[in-house]
Number of protein chains: 2
Amino acid sequence: MKKTSLSDIAKHLGVSKTLVSFVLNGKGKEFRISDEICKKVLEVAKELNYQPNRIAQGLRTGKTNTIGLIIADIANPFFGILGREIEQEAARFGYRVIFCSSDENPEKSKQQIAMLQQSQVDGYIISPPKKSEDQIRSLVKSHIPLVLIDRYFPEIECNHISVDNFDAAYKATNHLIALGHKKIANITVNLDLVNMIERTEGYKKALLDASLPVDESLIKELPFSHDNKDVARAIKELVGKPGNKKVDAILFATSKLGINGIESITAMGLKIPDDIAVVSFDNPDAYKICISPVTVVNQPLKEIGKTAVQVIINELKHPDNIHKIQKITLKTDLIIRKSCGS
Amino acid sequence: MKKTSLSDIAKHLGVSKTLVSFVLNGKGKEFRISDEICKKVLEVAKELNYQPNRIAQGLRTGKTNTIGLIIADIANPFFGILGREIEQEAARFGYRVIFCSSDENPEKSKQQIAMLQQSQVDGYIISPPKKSEDQIRSLVKSHIPLVLIDRYFPEIECNHISVDNFDAAYKATNHLIALGHKKIANITVNLDLVNMIERTEGYKKALLDASLPVDESLIKELPFSHDNKDVARAIKELVGKPGNKKVDAILFATSKLGINGIESITAMGLKIPDDIAVVSFDNPDAYKICISPVTVVNQPLKEIGKTAVQVIINELKHPDNIHKIQKITLKTDLIIRKSCGS
DNA sequence: CAAATTCACTAAATCGATTTAGTAAAAAAC
DNA sequence: GTTTTTTACTAAATCGATTTAGTGAATTTG
């Protein structure tokens, strides 16, 4: 029971496959195929359960209606929500999505980009790892629609959508300061990417503006693939000996850090927010039912995802235009819960 | 700067594209192409940065090296982790994955299956929503490798991989009983699918085996797309008036229910586990840093994902064999934390 | 040394669509 | 009543690979 092709329909009716193609593409009128034949073609197509072969279509037209997505890890709810939104918005326009998790590894992302090129995807949405500048540059040269999300390379002229990380970290740190915290630490991840760098900058600026000292020893950079133990060690170093607290608040730059951090803090017998206050980027479920629900920097993930697809679709819809490069920065909002005290 | 094709390489060297194809597919020896020419072809391919057009390849060979994946929601960490594992295992064998979130909606899954058929995917991994029996049946008839995950339809002969949900719920309920809880509620979701039904059955059996009454009013079935409020209402009904507790423990059949439930319980001023004990299926991060870390039924997501891909690949590798249908049931483990008391 | 075999390659068909160029018959125009 | 235009279609090229069948030259065989 093999699949029905255009020719099958054509043979079935004794007409040419050209005609069938016209009719099924809604161009019956345009190519003045008689209403009678149009109707028959549609009937037979339904009867034989015709499903167009998108591969053949893709070869002929050069369009696959597919978007390639590279993110760090689809199992991470941050990217899960983003991916979901991208999938959904793409589907609205008839596009499918090939998902790739790069693990922030430029070797992997390089391979994945090559794979997506071979698959002839119509556009790319990428959250690029560090040291992937050359990959991105060569994609830009290929003139296939591309948008970077979450982070970008300032030196590369390319569409990107991200949030105002500086502002977000500034607001979060300020919130801690306003509540009387003075010894504020920053636990972050060494991605060497603008998004993380700006978070640290925003944190520092808030301290400076409040005339608080910036103590580099209170800034802990962990590798991307950190686990509980790494975070626990960082926190132990920060907290110091009991009775001689070096730190009274921590800003976590990702929820993965924050969740592990809170686990460690609790395991050490410290109470949030009394012994130590906590703010974190991202807004996972975990923070809602936490020992002390966590105050967070909430990112507009839906908007990032939706906009990314729209930028791609827009370029695909208007291929001739030379497009203005879209550099979109969205605002975050601070959701205040109980983890910073009052 | 358009892409390099086989013919470009052929022209560049003044040979036929047949030859180039042979060499690039590693069949140089087999078709006794001289070593000298082989070397040149490989050189030129690299020089021109040849990337095979997988679409053209797919059209000719009928193989796209693509697996279609349909799950309920990639933003749900349960499916996120599963998806991640599937992506990774598929990549090991040179397969890409098209992700689709069905929202447990059979209309959506129907469309997505049609889309995947048109995309000529080589295999399907599907977590089927209720009322999608006909879709699955017709896929089975198409003889394209297919494996169902998380749930399945007992009446359809088809590969599937899932966990022993009856046993899991039985163990979880038994754990509550062993700790002295007697009035145990079950909050679940009305998917009308074996996986959920078995969970409720396991729960009931544990009560029966302990000579505890099965009170249907303690079993709450919520719609799939529930929110905080739905769960809060269910819990209010279960708890009843203060001082007259109808329930002293709850088994949540999914983590989405559990997270919302714990939020509500806490909002009502009740303490876990003292006022009410809690066990839940699935093991999200949230449960680790919860008010009272949650005892859970942990599913072997990695194994489910990995095995699913292997079943598909195995059928693809041996297309001639009539394959034994694989019905795989994996064991869960109960991770005991603090939410049930002691 | 003619026939058979091996060697090193190539021509052309094919997959299933789209699309350009064209055609025979009918209708309209002059 | 011939020419032009319109109508309602079709043939064939094309996309970029794979693969079958074949070919001329060199080599081996008897």
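The values are calculated or read from the model by the stated rules, or taken from the named source; none is laboratory data. Keep in mind the model is a prediction, meaning the values are calculated, not measured. Quick reminder, even Gly has a Cβ in these numbers, built from the backbone with ideal geometry, and neighbours come from all protein chains shown. Only protein heavy atoms, including side chains, enter the accessible area calculation; ligands, DNA and RNA are left aside. Shrake-Rupley method; radii C 1.70, N 1.55, O 1.52, S 1.80 Å.
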Contact list, first residue from the range B:224-241 and more than 22 Å from B:Asn76 (Cβ to Cβ), second anywhere and open to solvent by 20 Å² or more (accessible area, probe 1.4 Å) and modelled with pLDDT of 95 or more, beta-carbon distance below 8 Å, six or more apart or interchain, is B:Glu237/B:Lys220; B:Leu238/B:Lys220
I'd like the full set of residues that are over 17 Å from the mean Cα position of the chain (by Cα) and at pLDDT 95 or above, limited to the range B:141-150. B:Ile144
On the given criteria, is B:Leu48 facing chain A (nearest Cβ under 9 Å), farther than 18 Å from B:Ala286 by Cβ and of a type in the set (A, V, I, L, M, F, W, C)? no
Take the range B:257-280 and flag every residue that is touching a strand residue (DSSP E or B) at 6+ places or on another chain (Cβ under 8 Å) and within 13 Å of chain A (Cβ to nearest Cβ). B:Leu257, B:Gly258, B:Gly261, B:Ile262, B:Ile265, B:Ile272, B:Val278, B:Ser280
Per the list (1) in the same structural domain as B:Phe153 (by TED's automatic domain parsing); (2) closer than 23 Å to B:Pro154 by Cα, residue check on B:Thr254 breaks on (1)
Could you go through the range A:47-60 and let me know if any residue there is over 30 Å from B:Gly94 (Cα atoms) and in contact (Cβ under 8 Å) with a residue 40 or more places away in the chain. yes
Is it the case that the range B:70-78 has a residue that's within 10 Å of DNA strand D (Cβ to nearest atom) and hydrophobic (A, V, I, L, M, F, W, C)? no
Complete set of residues in the range B:1-48 that are among the basic types (Lys, Arg), near DNA strand C (Cβ under 10 Å from one of its atoms) and under 28 Å from A:Ser142 (Cβ atoms): B:Lys17, B:Lys40
If you scan the range A:1-12, which residues turn out to be more than 8 Å from DNA strand D (Cβ to nearest atom), over 44 Å from the mean Cα position of the chain (by Cα) and buried (at least 16 other Cβ atoms within 10 Å of the Cβ)? A:His12
Here is a list of conditions, (1) near DNA strand D (Cβ under 7 Å from one of its atoms); (2) in contact with a Lys or Arg (Cβ under 8 Å, 6 or more places away or on another chain), and B:Asn65 meets all of them except one; can you say which number that is? (1)
So, in the range A:17-47, exactly how many residues are open to solvent by 100 Å² or more (accessible area, probe 1.4 Å), within 11 Å of DNA strand D (Cβ to nearest atom) and not in a loop (DSSP other than H, G, I, E, B)? 4
